[in-house]
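Have a look at the structure below before the remarks.
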Amino acid sequence: MGLGYKVCRIWLYYWRVFMIPVDSFQGVITFVVAARCHSFTEAADQLGLSKSAVGKAIARLEARLDTQLFHRTTRRLSLTADGEAYLTACTAALDEIGAAESGMGTGDREPSGRLRVDMPVAFGRRVVAPLLFEIASKYPALHLNMTFSDHLIDPIEEGVDLLVRFGELKDTGGLVARRLARQRWAICAAPGYLERFGTPQVLEDLARHHCIVGHRRGQPLSWRVRQQGETVRFAPPVTHQIGDGEAMILGAVAGVGLCQMPRCLFAEDIEEGRLVEVLLDYEPEPVEVHAVWPKVSQLRPKVRYVVDELVRVFERWQ
């Protein structure tokens, strides 16, 4: 199957779904093939067109873009700086279309290719990453690229296929979200810390305690607590402000203060006696955990499979 046949199938898909004008997209296909072939003659053979038709298509495209895409000599074509940039953009777009096309039809394809996932630091390392490793072990053609961050990012701008995030999703324009689980939250401290400073019984006691809090854009994050039957925000005294969830847990284990996190991240330390849960009467409503991905990735088998697998695993925890 030649390159021309493949890109023409992609062109037909794109035209059917998005109704892009035929002439405009045909010019892009002709440009990509010519750039890869370095020759109008070879591109014409690939596309089943005449050399003259290829040249005219490129000329129309250059006129529409108001820029020169190729340096032309009698022997060879080479891309201009604008041509290089445009080829990169067109290739990425065609890859997205090809991925969408491959995701249609039967759902029995195994996940493959590189999957870029970003997740909260502590929850990602302790919960999500082990699950992804299991999936990657089962499907060797799936290659993981994992990043860990506790701040919000734009998956489209950052080139991320899949996000895992806590809390309510206020703005999902251009994104798809699916709930994975609901997680309990807990406030914990090391036994040594509690022996030294005492165990808080009510929220007012926290004024005499050291607290470890996260931050976003330089501002400390409040805790979630339950008061009078409702989950509300509470601002504890900020003794240690740390922008990494894993480091916050390590600080609590080290005995420098109280820390609030999803309880699943404290579970092993609680079981081993390194942390003690306090203020149980103020436990808030569980927080939702979502998988979030760009709409453009909706049909990718690797994204669809991994999300389904994460949902299935998290359901066992409920």
Item to check | Any chance residue 181 is more than 14 Å from the chain's Cα centre (by Cα), of a type in the set (A, V, I, L, M) and at pLDDT 90 or above | outcome: no
Checklist outcome for this item: Within the range 156-170, the residues that are under 11 Å from the mean Cα position of the chain (by Cα) and within 14 Å of residue 120 (Cβ to Cβ) are 160, 162, 163, 164, 165
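Counting residues that are touching a residue at least 40 places away in the same chain (Cβ under 8 Å), among the hydroxyl-bearing types (Ser, Thr, Tyr) and surrounded by 17 or more Cβ atoms within 10 Å (Cβ to Cβ), which helices (runs of 4 or more DSSP H) fully inside the range 230-318 reach at least 1?
301-315
For (1) surrounded by fewer than 20 Cβ atoms within 10 Å (Cβ to Cβ); (2) farther than 27 Å from residue 267 by Cα; (3) of a type in the set (Lys, Arg); (4) modelled with pLDDT of 90 or more, each residue gets a yes or a no:
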{"residue": "114", "(1), (2), (3), (4)": "yes, yes, yes, no"}
{"residue": "133", "(1), (2), (3), (4)": "yes, no, no, yes"}
{"residue": "137", "(1), (2), (3), (4)": "yes, no, no, yes"}
{"residue": "147", "(1), (2), (3), (4)": "yes, no, no, yes"}
{"residue": "156", "(1), (2), (3), (4)": "yes, yes, no, no"}
Next on the checklist: With without any contact (Cβ under 8 Å) to a residue 60 or more places away in the chain and either touching a Ser or Thr at 6+ places or on another chain (Cβ under 6 Å) or part of a helix (DSSP H, G or I) (or both) as the only criterion, which of 30, 67, 74 stands out?
Outcome noted: 30
Checklist entry - Would you pick out the residues in the range 171-200 that are part of a loop (DSSP other than H, G, I, E, B) and free of Cβ contacts under 8 Å to residues at least 60 places away in the same chain? => result 171, 173, 198
Checklist entry - So which residues in the range 225-253 are under 14 Å from residue 190 (Cα atoms) and touching a helix residue (DSSP H, G or I) at 6+ places or on another chain (Cβ under 9 Å), if there are any at all? => result 248, 249, 252, 253
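The values are calculated or read from the model by the stated rules, or taken from the named source; none is laboratory data. In this text the structure is predicted, and so the values were computed from the model without any measurement. Note: ideal-geometry Cβ built from the backbone for every residue, glycine included; neighbour counts use all protein chains shown.
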